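The values are calculated or read from the model by the stated rules, or taken from the named source; none is laboratory data. These numbers come from a predicted model, not from an experiment. Methodologically, a virtual Cβ is constructed for each residue, glycine included, from the backbone with ideal geometry; neighbour enumeration extends over all protein chains shown.
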Amino acid sequence: MSTKDFILKIQSLPLWERISVIEEILKSISAEVKTSKRINNNEVRLRRKSFKVEAFDLGGEVTVDRDEIYSQRGV
């Protein structure tokens with residue numbers, strides 16, 4: 001059955017049956033969205049890799065002058 005035939009058949013149904021069809025479609029979409037969210041969250045967890053931050057000492061206080069840095073870049 002083509003989509004057009006399906007829509008024509010649904011349009012011929014009484015109002016309460018059309019509402020039931022819409023509710024079932026929404027339930028189906030909702031279930032699919034929940035499943036895809038769960039899969040996407042698992043994929044993100046699998047792609048994340050932990051890392052270790054190591055502290056280091058620059059030997060003294062470092063002052064950063066934005067204007068000087070930008071002028072060196074020509075900005």
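Restricting the first member to the range 1-20 and to residues that are among the charged types (D, E, K, R), and the second to residues that are outside any loop (DSSP other than H, G, I, E, B) and exposed (fewer than 10 other Cβ atoms within 10 Å of the Cβ), the beta-carbon pairs closer than 9 Å and six or more apart or on different chains are 18/11. Within the range 56-68, residues that are in contact (Cβ under 8 Å) with a residue 24 or more places away in the chain have Cβ atoms under 8 Å from residues that are of a type in the set (Asp, Glu) and assigned to a loop (DSSP other than H, G, I, E, B) in no pair, counting only partners at least 6 apart in sequence or on another chain.
Conditions tested, residue by residue: (1) part of a helix (DSSP H, G or I); (2) modelled with pLDDT of 85 or more.
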position: 13; (1), (2): no, yes
position: 19; (1), (2): yes, yes
position: 55; (1), (2): no, no
position: 68; (1), (2): yes, no
